[in-house]
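Some notes on the structure that comes next.
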Amino acid sequence: MTCAFSTRLDTVAEAIRNGDLRTAKFHTTRLLADADPHTSALIAACVDTIERFPRRAVVHLRARWKAATTDDDRAVIAAFGQAARPAPEPPTIRRSHRTAPRDLDTSGRTGEIRHLTPERRAALRIADRAIPPEPAVEEPATTDRVYASGLDYDRAAVPALRGTPCVRCWTERTREDHRADGDDGLCGECRDRGRPGVPALPPGHTRADAVQARCAFLAATYNRPRALLAQWWRKYATVADRVVIADWVQRNPLPTDPGPAPRPRPVVPRVTGRCERCGDHADQELCVHCREVDDLTRA
Ligand SMILES: [Zn+2]
Ligand SMILES: [Zn+2]
């Protein structure tokens with residue numbers, strides 16, 4: 001390898017290290033003009049690797065370096081490997097609010113902390129303490145005139161629903177009903193009545209699995225699942241759940257236009273009837289609860 005070639009190689013490596021891929025490309029073109037076909041191909045492959053895998057380029061280049069047969073090839077690959085080495089990640093300040101201060105890895109932070117100004121230190125403290133805001137609940141526009149401060153005390157006094165409502169009767173569920181090891185989506189009363197809920201998931205499933213199962217259950221159970229999923233997304237879902245719901249809807253397209261609402265069928269009283277959907281006692285095809293839910297989702 002000539003001295004001029006190696007100097008140009010260093011220039012390219014320096015540009016890549018600085019994240020300036022434009023300059024790197026410019027010098028690479030000149031480098032390629034001088035190099036023999038084999039080295040040109042090697043350089044082009046290295047640049048291609050760095051462009052395609054900005055974060056994992058070092059791993060790919062290391063494999064290529066091991067497979068190289070000549071010292072010249074290794075030198076070229078090593079120059080790009082050095083350049084592609086990612087900048088060290090800044091130390092984590094706090095992984096979550098559940099991490100106790102004693103469990104924080106503060107090694108390597110001393111220098112950084114020493115150079116913090118009091119203002120920056122305060123800003124970091126505030127950012128560390130900040131709790132992500134609750135998703136805003138969209139209120140329908142109202143024409144009621146509100147006086148004084150504009151705060152509607154009646155509405156403000158209504159507590160927000162905690163967690164997701166029961167998939168059968170749509171009332172708020174207790175903390176015990178939201179079971180992390182397998183949430184059937186039911187409230188205690190519906191469970192006691194033996195109403196079918198979200199099918200059980202295998203042990204060790206993730207929260208995303210549970211959210212997807214609830215989506216699938218709502219889609220399979222109700223005529224107009226789109227309205228229910230939209231209501232869930234808007235009112236009860238956490239930010240992470242919203243991503244899962246949106247993803248599920250993308251992958252499982254719901255009918256866009258369900259067509260006109262079915263006409264109410266003539267009521268045929270049955271003496272010992274059972275609800276077709278939940279198995280509850282019913283004097284019609286569906287029990288009172290299921291009919292109410294249908295009316296809600298039809299609206
Ligand atoms: Zn219920
Ligand atoms: Zn029913």
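Nothing in this text is a laboratory measurement; each read-out follows from the coordinates by a stated rule. Keep in mind the model is a prediction, meaning the values are calculated, not measured. Using ideal geometry, Cβ is built from the backbone for each residue, glycine included, and neighbour counts are taken over all protein chains shown.
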**Prompt:** By average Cβ neighbour count within 10 Å, what is the ranking of 26-33, 224-231 from highest down?
**Reply:** 224-231, 26-33
**Prompt:** In terms of the Cα gyration tensor, with a ≥ b ≥ c the square roots of its eigenvalues, is the range 3-84 rounded because a/c is under 1.5, prolate because a/b exceeds b/c, or oblate?
**Reply:** oblate
**Item:** Mean Cβ neighbour count within 10 Å, used as a protection proxy, ranking 117-129, 11-23 highest first
**Value:** 11-23, 117-129
**Request:** Note down the net charge around Thr49, summing +1 for each Lys or Arg and -1 for each Asp or Glu among other residues with Cβ under 12 Å from its Cβ.
**Result:** +3
**Request:** Under 15 Å from the Cβ of Pro37, count the other residues' Cβ atoms, weight Lys and Arg +1, Asp and Glu -1, and hand me the total.
**Result:** -4
